[in-house]
Number of protein chains: 2
Amino acid sequence: MRRSERMVRLVRQLLDHPGQPLSLTEMAEAYDAAKSSLSEDLAIIRSVLESEQAGTLHTQTGAMGGVIYQPGISMGKAEKFISSAVDRLSHGDRILPGGYLYMSDLLSEPAVLRKVGVLFAERFMAESPDVVLTVETKGIPIAVVTAQMLNCPFLIARRDHRVTEGSSVSMNYVSGSDRRIQTMSLSRRSLKEGTKVLIVDDFMKAGGTVKAMMGMMDEFNAKVVGVGIFMETAEPEDKLVSDYTSLMSLTKVDEATRRVVIEPGNYFS
Amino acid sequence: MRRSERMVRLVRQLLDHPGQPLSLTEMAEAYDAAKSSLSEDLAIIRSVLESEQAGTLHTQTGAMGGVIYQPGISMGKAEKFISSAVDRLSHGDRILPGGYLYMSDLLSEPAVLRKVGVLFAERFMAESPDVVLTVETKGIPIAVVTAQMLNCPFLIARRDHRVTEGSSVSMNYVSGSDRRIQTMSLSRRSLKEGTKVLIVDDFMKAGGTVKAMMGMMDEFNAKVVGVGIFMETAEPEDKLVSDYTSLMSLTKVDEATRRVVIEPGNYFS
């Protein structure tokens, strides 16, 4: 196999398996190449990824030596992405009754979602989460792409108890935003004790829903290693959750003047 | 830039943008390369993809010439994937009360989901859907990955009317499986007339839910160009929907003997 062909196969294999250790020995066999040639290929790939600030390759040495592709994004590209999202979302015709903001269209675009996943993966990769947790409904796509980038499964807490999930743990909580009592349930078989959990959601006001997810994780003896929020609201300033990372912060939604003000979130500070 | 470096960047750019036309002219500028060299690179990439039956590159000729990466999977690999999914799902301890099957763990794994997305994209790419539609909750991850592979947005019909979606079109329907009257609603601003829609869902018994989604699309004057189902049930044989593609078919769930029988779906016939 020529080097250029091998490079194509290598890059494809790496990009299709973010966060997953790939064995050098197995790759050398599959590509019928010396490990030393493969190492040279990987060095080129790493240097391109790093020069584009698009992630890196981690190499594990030794007999079981392998390589892990970790997707990344430069702070400059991240800021540009968020600034374009802010522009798109800062329109009066997105204001919904109750001071909500229509964001579903943005979070339905693969290119946008992918970047959200890369941002959260880059921020939380070091905590090595075993699973990404969200609550239905609009957090789900964010959980899916973040889990893709971290190469781990995701979990969806349900708003009601569904027969298709088997026996569940349920808990009631007061949603900070509309002060209603809500229920959240999670299949009993979905989590082992000691699992490291990354919580993600699309929107956070007071943080009641995220706090409920954290309480649910206590019930399962799981450990929350991070909280990633696509859009928080600046008000109330005192959240029920102290430690979280937000990509954007909704500072003002004025229904009368149709004015929307959004700032970059604490991810950038 | 050396060819090997250029190949890395090219492959990365293509794989990150499935289904999306990339301009040869812009790439030539970005990589400071002659179009003829790029064409050679692309020929190598295409030949590797095709030899691995992992998709192909479509080239658009002319001044606006571009290249589109279309992910694919060989029938052999597709069969192997489904056969392994069948094995994992055919366990008595997955049987839930009411003859349901616990599948959430499988559909939470990025590697499994990705293949489901590739299978549906391969099957429906020729219909050029503008959007992938599902109804919450468990169809959502499937819609996300299918939309990724087709490079189009997805839409989520809600089970209730949510304030965060703005004004909505709602419809009632009778779910074929549990004979309850259910409601489905979709934000009015989410769809333009004439949009081509691919419907996906995780599970289909009689097809009441899918039929309701089709009815909803009539309300929007949108055109349903395909229906993709992860798991259908063999019974009832007469579905409310005639034209759909299933990856698997649940033939038998015996709560007493804890026996589960699953066959490959009509995707393979």
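The values are calculated or read from the model by the stated rules, or taken from the named source; none is laboratory data. Note that this is a predicted model, so its numbers are computed, not measured. Here Cβ is always computed from backbone atoms with ideal geometry, including for glycine, and neighbour counts include all displayed protein chains.
Of note:
For every residue, the table says whether it meets (1) out of contact with any Lys or Arg (no Cβ under 7 Å at 6 or more places or on another chain); (2) farther than 24 Å from B:Q148 by Cα.
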site	(1), (2)
A:E79	yes, no
A:R94	yes, yes
A:L101	no, yes
A:A111	yes, no
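- Residue pairs meeting the criteria (Cβ under 8 Å; at least 6 apart or on separate chains; first at the interface with another protein chain (Cβ under 9 Å from one of its Cβ atoms), in segment B:131-153; second among the basic types (K, R) and in a helix (DSSP H, G or I)): B:V145/B:R114; B:Q148/A:R114
- You will find that of A:F124, A:F230, the residue that is closer than 24 Å to B:V144 by Cβ, part of a helix (DSSP H, G or I) and modelled with pLDDT of 95 or more is A:F124 and no other.
- Conditions (1) over 20 Å from the mean Cα position of the chain (by Cα); (2) not in a helix (DSSP H, G or I); number of the one not met by A:D218: (2)
- Residue identified as surrounded by fewer than 19 Cβ atoms within 10 Å (Cβ to Cβ), in contact with an Asp or Glu (Cβ under 7 Å, 6 or more places away or on another chain) and not small (G, A, S) among A:N221, A:N266: A:N221
- One residue from B:L38, B:L42 being modelled with pLDDT of 90 or more and more than 29 Å from the chain's Cα centre (by Cα): B:L38
- Some residue of segment A:58-76 being within 12 Å of chain B (Cβ to nearest Cβ), of a type in the set (A, V, I, L, M), part of a loop (DSSP other than H, G, I, E, B) and more than 29 Å from B:S51 (Cβ to Cβ): yes
- Flag for A:S84 being at pLDDT 95 or above, within 9 Å of chain B (Cβ to nearest Cβ) and over 13 Å from the mean Cα position of the chain (by Cα): no
- The residues of segment A:2-27 that are free of Cβ contacts under 8 Å to residues at least 40 places away in the same chain, more than 9 Å from chain B (Cβ to nearest Cβ) and either surrounded by fewer than 16 Cβ atoms within 10 Å (Cβ to Cβ) or farther than 21 Å from B:I73 by Cα (or both) amount to a single one, A:E26.
- Residues that are of a type in the set (D, E) and closer than 13 Å to A:T195 by Cβ, drawn from segment A:208-234: A:D218, A:E219
- Matching residues in segment A:79-121 - criterion: being touching a Phe, Trp or Tyr at 6+ places or on another chain (Cβ under 7 Å) and not in a helix (DSSP H, G or I): A:L96
- Among residues of segment A:95-116 that are facing chain B (nearest Cβ under 8 Å) and closer than 9 Å to B:G166 by Cβ, those with a beta-carbon under 9 Å from a residue that is part of a helix (DSSP H, G or I) and modelled with pLDDT of 95 or more at least six positions away or on a different chain give the pairs A:Y102/A:L89.
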